[in-house]
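Notes follow once the structure below has been shown.
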Amino acid sequence: MQAFRFCPQCAEPLMLLTKQEDGGDKDRLCCPACDYTHWNNPTPVLAAVIEYQGQILLARNAAWPEKKYALITGFMEAGETPQDGITREIGEETSLKVQALNLIGVYDFQRMNQVIIAYHAVCEGTVSLSPELVDYRLVAPAALKCWPSGTGFAVADWLRSRGHEPEFVEWGKVSDPVLS
């Protein structure tokens, strides 16, 4: 991730300063000219374990290697609830209609400075991928493998809720493209 370097209010270079806050001293990027503080709060990201025709839909982003598939994800937009946001993302990225939606959990993804809000979505319709996705796979829940970061923990929790013991594999070490 690119760090802020200049103040978005006055364009002065930001400086790392120690600020007194409720929880104690914190180092923050601040503007010495106008006192702007870059809080660097995590970004909310929405994710869906999509159940479609009794299987789980995984998609491959156009920028990813051929064997990498993952959940449908997207950024929450201003003015929408997380439920509305993931419903919108599913529709935009797959053209599927959400019939049922349940929260799986909330997960930190510190490497990307994100908080993932993950849902189980039961969907119907005909899959038609957005241009950012180039392929999708349907995987039986019992065959689904988890990755040890980000949305992989949501997949594991969902599998456990269905009576399956999750198997974790490294993102780059999966030999079967359907299971990554």
Is it the case that Gln53 is under 15 Å from Cys123 (Cβ atoms), touching a strand residue (DSSP E or B) at 6+ places or on another chain (Cβ under 7 Å), touching a residue at least 60 places away in the same chain (Cβ under 8 Å) and surrounded by fewer than 13 Cβ atoms within 10 Å (Cβ to Cβ)? yes
Restricting the range 69-83 to residues that are over 15 Å from the mean Cα position of the chain (by Cα) and at negative phi, the one surrounded by the fewest Cβ atoms within 10 Å (Cβ to Cβ) turns out to be Ala78
Taking first residues from the range 126-138 that are farther than 14 Å from Gln55 by Cα and second residues anywhere that are among the basic types (Lys, Arg) and in a loop (DSSP other than H, G, I, E, B), the pairs with Cβ under 9 Å that are 6 or more apart or on different chains are none
Note on the range 139-149: residues without any contact (Cβ under 8 Å) to a residue 60 or more places away in the chain, surrounded by 14 or more Cβ atoms within 10 Å (Cβ to Cβ) and assigned to a loop (DSSP other than H, G, I, E, B) are Lys145, Ser149
Being in contact with a Pro (Cβ under 7 Å, 6 or more places away or on another chain) and part of a strand (DSSP E or B) narrows Val115, Val122 down to just Val115
If we keep only residues of the range 125-138 that are of a type in the set (Ser, Thr, Tyr) and part of a loop (DSSP other than H, G, I, E, B), then the residue nearest to the chain's Cα centre (by Cα) is Ser130
Per the filter on the range 97-122, residues crowded, with 18+ Cβ neighbours inside 10 Å and either under 13 Å from Val49 (Cα atoms) or without any contact (Cβ under 8 Å) to a residue 12 or more places away in the chain (or both) are Val98, Ile104, Ile116, Ile117, Ala118, Tyr119, His120, Ala121
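Only the coordinates and a few stated rules stand behind these numbers; no lab work does. None of the values given here were measured: they were computed from a predicted structure. Heads up, the Cβs are rebuilt from the backbone with ideal geometry, glycines too, and the neighbour counts pull from every protein chain shown.
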